[in-house]
Structure formats: structure tokens, C-alpha cells
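We did not get these values from a lab; they are worked out from the coordinates using the rules stated. This is a predicted model, so every value here is computed, not measured. Please note: Cβ atoms are built from the backbone with ideal geometry, for glycine as well, and neighbour counts cover all protein chains shown.
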Amino acid sequence: MTRRTPRHARTAPTLVATAGAAAALACLLPAAPALAVAPSGQAVANDYGQSDAEVAVEVTAAVNANAAVIHWRAVAVATRTVYQARSAAEARARTAYLAAVKSRSAKRIAATKRALVAAHAATLRARAAYVAAVAKRNATVASVTASVRATHYRPVDGSYDGQLINYLVPSGLPSPPLVPEPLQVHVTVYGGHVSDVSVVKQAPVLSDSNSYNVMSLSTLTLEAMNAHDTANVQSVSGASLTSEAFAQSLQSALVAAGYKA
């Protein structure tokens, strides 16, 4: 019999011109940190027994507390304030220009016209900065919301079969050198957590893999029960192929139950 050696465990074009103005205003505020990435494996929030509204409250609270969201909301408020001030200044410049036109004074008309043109340009720049800041704020909120939601799951009580894994093992013969052997894991979920793990399909007793299954499956099953609703099980030394197939089938069963992949 050939022994299997263990293996190691497994921007839109229209906003380009406005981004610079938004960045100039943003530099007045603390730099926004990188957005958090949802962790792999076990999610941090089991939403078992919660309503959609209750989950939404948790997600919203987490999003509102995010530093990047706070930062870009502040930038949007700051750029809006500047835009409103520039708009008000332009309105005053227009009023002055119209009054100059009525006065028929060429010198006064020329001066107020220059002031109005400058005020209008300033308004356009401020508006562009505000639009860019709002777009960045909205994109950040959407990204952080998706990231937070990715850490929530809602498992459903019941029994679930994992994927039937047919993994190749050395046959110990010249032909065929590798043969497929099956492994399938079954999980039971109760109260929102894994309450039982078992193997429902495995290689026959007379197969090449039987000895590896005997030495590893009881250990893998115990590890799965203590893995906190994840497929994070350690590979059993000397039975890496069995361990890998077990983890793959277990993961698919957990996904079927509603846990995060």
C-alpha cells in the first residue's frame, strides 16, 4: 500500500475633473482609513432568531460608526457649505451687476461683470467638489454596508448533506495509479449552531483509504464540532487527502445551512 504523505493545510469620466477639488477640501479633514474587508470563515454575527429589521439596525449602527463613512460624510457637509456660500456670493454679484446695468455706468458695469464671472466660476468649482464628495460618500456607505452585511448570517435549523467529494488516492498499482474514493459529511443545525457532525459516505472497508479514514475521521468530526460553526479543521497528519475532502464537504454543508462561505 502506498502511503499518502501529509500536505500543508489551504471612476466615472465625468467625475475625474471634479475629484481634485474634492480632494483639496478633504485634506482639511483626517485621512480616511482603508475600508474593512469581511473576514473569511466564521462570520462575526449570527442573526439566528432576528428579524430583518433587527439585523438592519445592527448593520446601520456599524456603518454609521465606520471611520471612512464618518470622514466622507463630513467632507460632503463641508463641500456643501462652501457651495452654498459661493452660490450666495454669486447671487449678490448678479444683483450688483443688474444694478450697474440700470445705472448705465460703463465703468461700474464692467467691474460688476468681472465680479459676476469670477463668482460664477467659483460656484461651479464648489458645485463640482460637492458632487464629487457626495459620490464618494455614497460609494463608501455602499461599500461599508456590503462589508458589514457580509459578516452577518442567518442559519436555518435542520439537517444538511455536504457535497459528495470524490478524491483521488494512490492505488499502489501501476494501472490505474490513482483511484477515486468518496467522502460526504452531514451536519445538523439546532438553535442556530452546529449540533452534530457525521460522515454519511466514505471509502469501503477493503479500500486503500479505509485505514486513513479510521485514523482520521473521528478526530476530524470532533474538530468540526469544536470549530464554532466553521470548516476550520486541522489536517490529520498522514491523512491529508481525507482531511481535505472532509473540510470541503463540511464547508458545503454549512453553506447549505445558511452560514457564510
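Packing, taken as the mean count of other beta carbons within 10 Å per residue, orders the peptides 198-211, 96-109 from highest to lowest as 198-211, 96-109.
The calculated pair-distance distribution of region 37-137 uses every alpha carbon pair, bins of 5 angstrom beginning at 0, and gives 2, 12, 12, 11, 11, 9, 9, 7, 6, 5, 4, 4, 3, 2, 1, 0 percent. Going Cα to Cα from K201, which lysines come in below 20 Å? Please leave out same-chain ones fewer than 8 positions away. Straight-distance partners of K201: none at all. Each principal axis of the Cα cloud of region 144-261 was taken in turn, and the coordinate range along them, longest first, works out to 55, 28, 22 Å. So if R0 is 25 Å, what FRET efficiency would A146 and A53 give, r being the distance between their Cβ atoms, rounded to the nearest 0.05? Efficiency for this residue pair is about 0.85. Three principal axis extents of region 84-214 based on alpha-carbon atoms, in descending order, are 108, 45, 15 Å.
Counting only residues at least eight positions apart within a chain, or on another chain, the lysines with an alpha carbon under 26 Å from that of K113 are K102. If you plug the beta carbon distance of H228 and Q84 into 1/(1 + (r/R0)^6) with R0 = 41 Å, you get a FRET efficiency near 0.20. Ranked by the mean number of other Cβ atoms within 10 Å per residue, highest first, peptides 73-80, 152-159 order as 73-80, 152-159.
The calculated FRET efficiency for N138 paired with R108, based on their beta-carbon distance and R0 = 45 Å, is about 0.50.
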